[in-house]
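What follows is one structure encoded as structure tokens, with my remarks underneath.
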Amino acid sequence: MLELSAVSVRKRLEGVSWTAAPGQLIGVLGANGAGKSTLLACMAGQLSPDSGGCYWQQQQVSRMTTQVRRQVISYLPQHPSVSAPVSVGHVLATGLVNLRLPVALAERVSQVAREFNLTNLLNRPMTQLSGGEQRRVHLARSLSSDSALALCDEPVAGLDLYYQLRVMELLQQRARSGQLVCIALHDLALAARYCDKLILLHQGQLLASGQPMQVLTTDNLRRAYGIEARWWCDDDGVAMLPTLCKGEHSGDL
Amino acid sequence: MKFLLLSLLLLVIAVVYLGMGHSGWQGWPGSALQQDIVLQIRLPRLLLAMANGVALGLAGATLQIILRNPLAEPGITGVAGGAALATVLAMYTGWLLPVSWWLPLVGMFGGAVSLLLLWLIAGTNPSGTRIILGGVAIASFSGALIALVLNLAPNPFAFQEWSLWLMGSVANRGWPHLILMIPCLVIGALLLFSQRQFIGAHIFDPATLRSLGFNSGRGSLFVLFAVTLLVSASVITAGVVSFIGLLAPHAVRLLGIQRPYPLMVWSAVAGALLMAIIDMTIRLVPTAVELQLGVVAAFLGAPLLVFLLRRPYGDTHA
């Protein structure tokens with residue numbers, strides 16, 4: 001069980017409380033600067049809240065040893081990067097350090113590469129990959145550990161439509177297999193279609209949480225994003241057409 | 001294959017270095033005097049040059065990796081400046097003989113004080129930029145203090161002696177210098193070896209690195225201590241030799257070696273090779289006054305770096 005208890009970070013988050021059980025895909029939504037990345041960083045133990053705390057199975061995340069946190073939580077930051085032109089295979093192998101792996105390192109790297117369709121890129125230097133390919137490598141790196149809690153900050157940013165859907169399906173599969181997967185994202189249609197629950201942040205505060213269609217209401221979207229949304233839902237999926245609210249956000253840019 | 005080729009190259013350089021004198025190729029030493037020249041003068045000098053190359057190459061590669069900055073080199077962290085300042089002060093006040101078991105401790109003390117200052121400037125969560133800017137400030141301040149000490153030198157001979165020492169040289173060194181150097185080199189290299197996974201994970205951005213389960217504070221301290229040990233040992237035995245710490249890792253990268261651990265190992269080998277070649281050049285090029293190592297290193301190193309940079313860079317990997 002993941003529990004956030006009145007998490008506050010000065011000027012970024014204000015008293016966010018919320019709980020989630022394993023086996024779910026949770027979407028963290030909100031406009032730019034709403035506090036999504038800060039919240040994920042707190043959950044990952046990257047940032048200690050000024051007050052309140054994040055607990056995983058009753059253990060405060062920021063007080064876990066780095067080794068314990070490594071076994072329990074995997075984290076994809078918003079802007080991951082690799083500073084050397086090393087191969088994709090090396091990046092995946094380095095991302096598996098400090099883990100007790102049930103299989104040999106090379107075998108695990110191959111498994112992950114197959115899962116993320118990176119097998120033909122394993123020997124390519126990171127510098128020769130496109131932005132979307134690099135993003136997939138970072139995502140594969142972060143999800144390679146099979147930790148109980150997976151946190152991904154904008155996992156589909158920069159991916160083409162095919163891989164956006166592939167990645168969301170993969171994250172959903174991970175959740176079905178018992179992981180708790182929390183992702184920050186901007187695509188409301190993807191969030192509505194794939195996530196089991198959503199939390200919507202607005203100016204550092206929790207505006208709404210619950211089932212996707214309970215959260216993505218006209219009122220909530222107008223307050224959080226300043227948009228009007230028209231939804232189409234059928235058995236195949238969900239689509240949304242956003243339009244700017246009249247009179248709001250004019251002149252923001 | 002690369003290892004075999006480089007080993008062969010090292011062997012050839014060692015044979016030429018030991019066998020060549022100002023009068024040309026002298027071959028295997030026959031007389032006792034020739035044996036003394038080789039065993040007591042050339043061999044320790046060659047080994048000291050190579051040990052310094054290993055220390056500087058290893059320190060340079062490590063700093064470039066952990067600071068994620070290809071411009072990083074031992075001088076830029078201020079450690080070399082701190083070690084040089086402490087040693088010059090010790091010589092100025094006449095506390096120590098040029099070769100004394102206290103000398104490495106004084107040099108290391110200076111390097112460690114610089115490191116401590118850097119740690120205080122950079123804060124508990126240091127960024128690469130902050131470390132480099134802090135290091136530049138410390139290096140500049142140490143440089144100014146060294147200039148002040150030189151300015152206040154009691155006589156022109158002391159001024160000249162210290163100035164030459166600061167330019168770096170392995171001339172007139174013997175086995176005692178090597179015996180000073182080796183323990184520091186071994187301990188520094190072993191410390192870095194023990195932290196190889198932590199250093200290797202610095203290919204990632206800081207946020208990803210923090211999520212990989214390392215105790216970053218302890219790891220960074222171990223790594224910076226090891227670098228201090230290597231650089232201080234180099235400064236106290238050969239003075240300030242610039243450029244090798246920068247050049248060796250770049251030369252290795254351009255050979256296609258990009259992964260952190262192999263980069264460190266090969267930079268150590270490349271450093272040894274470069275220093276041996278540079279010191280051989282100094283020994284064999286006839287000049288009225290023997291040139292200083294730091295001067296020739298920069299003379300040969302700068303064009304070599306420019307030449308290497310003109311080749312495709314960053315697309316190769318291993």
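The values are calculated or read from the model by the stated rules, or taken from the named source; none is laboratory data. All of these numbers come straight from a predicted model, not from anything done at the bench. Neighbour counts are summed over all protein chains in view; Cβ atoms, including those assigned to glycine, are modelled from backbone coordinates with ideal geometry.
Restricting the first member to segment A:45-73 and to residues that are within 15 Å of residue A:15 (Cα to Cα), and the second to residues that are surrounded by fewer than 17 Cβ atoms within 10 Å (Cβ to Cβ) and among the aliphatic types (A, V, I, L, M), the beta-carbon pairs closer than 7 Å and six or more apart or on different chains are A:51/A:6; A:52/A:6. Scanning segment B:1-45 for residues that are exposed (fewer than 14 other Cβ atoms within 10 Å of the Cβ) and part of a loop (DSSP other than H, G, I, E, B) returns B:1, B:22, B:23, B:27, B:28, B:30, B:31. Has segment A:111-120 got at least one residue that is touching a residue at least 40 places away in the same chain (Cβ under 8 Å), within 12 Å of another protein chain (Cβ to nearest Cβ) and either under 15 Å from the mean Cα position of the chain (by Cα) or surrounded by fewer than 19 Cβ atoms within 10 Å (Cβ to Cβ) (or both)? Among the residues of segment A:111-120, not one is touching a residue at least 40 places away in the same chain (Cβ under 8 Å), within 12 Å of another protein chain (Cβ to nearest Cβ) and either under 15 Å from the mean Cα position of the chain (by Cα) or surrounded by fewer than 19 Cβ atoms within 10 Å (Cβ to Cβ) (or both), which makes the answer no.
Considering B:55, B:61, B:14, the condition of being at pLDDT 85 or above, closer than 18 Å to residue B:181 by Cα and not β-branched (Val, Ile, Thr) is satisfied by B:55 alone.
Scanning segment B:247-262 for residues that are of a type in the set (S, T, N, Q), surrounded by fewer than 16 Cβ atoms within 10 Å (Cβ to Cβ) and either outside any helix (DSSP H, G or I) or touching a Pro at 6+ places or on another chain (Cβ under 9 Å) (or both) turns up nothing. Give the residues of segment B:242-254 that are of a type in the set (A, V, I, L, M, F, W, C) and at pLDDT 85 or above, sorted by residue number. Result: B:244, B:246, B:247, B:248, B:251, B:252. Does residue B:278 satisfy the criteria of being part of a helix (DSSP H, G or I), surrounded by fewer than 24 Cβ atoms within 10 Å (Cβ to Cβ), in contact (Cβ under 8 Å) with a residue 60 or more places away in the chain and away from chain A (no Cβ under 14 Å)? Here the answer is no, as residue B:278 does not meet what is asked.
For the criterion of being over 30 Å from residue B:151 (Cα atoms), touching a residue at least 60 places away in the same chain (Cβ under 8 Å) and either under 19 Å from the mean Cα position of the chain (by Cα) or buried (at least 23 other Cβ atoms within 10 Å of the Cβ) (or both), residue B:65 passes. Restricted to segment B:156-218, the set of helices (runs of 4 or more DSSP H) holding at least 2 residues that are in contact (Cβ under 8 Å) with a residue 40 or more places away in the chain, away from every other protein chain (no Cβ under 14 Å) and within 18 Å of residue B:53 (Cα to Cα) comprises B:156-166, B:175-194.
Filtered by the rule that a residue be of a type in the set (A, V, I, L, M) and more than 8 Å from chain B (Cβ to nearest Cβ), segment A:79-110 gives A:88, A:92, A:93, A:96, A:101, A:103, A:104, A:105, A:106, A:109. Within segment A:67-78, the residues that satisfy the criterion of being surrounded by fewer than 23 Cβ atoms within 10 Å (Cβ to Cβ) and more than 7 Å from chain B (Cβ to nearest Cβ) are A:68, A:71, A:72, A:78.
Listed conditions (1) assigned to a helix (DSSP H, G or I); (2) under 21 Å from residue B:93 (Cα atoms); (3) aliphatic (A, V, I, L, M) are all met by residue B:153, apart from (1). From the list A:239, A:208, A:191, the lone residue that is among the small types (Gly, Ala, Ser), surrounded by 18 or more Cβ atoms within 10 Å (Cβ to Cβ) and touching a residue at least 24 places away in the same chain (Cβ under 8 Å) is A:191. When A:40, A:29, A:47 are checked against the criterion of being within 14 Å of chain B (Cβ to nearest Cβ) and either over 23 Å from residue A:177 (Cβ atoms) or surrounded by fewer than 16 Cβ atoms within 10 Å (Cβ to Cβ) (or both), A:47 stands alone in meeting it. For the residues A:48, A:74, the requirement of being in contact with a helix residue (DSSP H, G or I) (Cβ under 7 Å, 6 or more places away or on another chain), polar (S, T, N, Q) and not in a loop (DSSP other than H, G, I, E, B) singles out A:74.
Yes or no, residue by residue, for (1) over 25 Å from residue B:160 (Cα atoms); (2) hydrophobic (A, V, I, L, M, F, W, C):
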position: B:233; (1), (2): no, yes
position: B:241; (1), (2): no, yes
position: B:244; (1), (2): no, yes
position: B:249; (1), (2): yes, no
position: B:260; (1), (2): yes, no
position: B:264; (1), (2): yes, yes
position: B:267; (1), (2): yes, no
position: B:275; (1), (2): no, yes
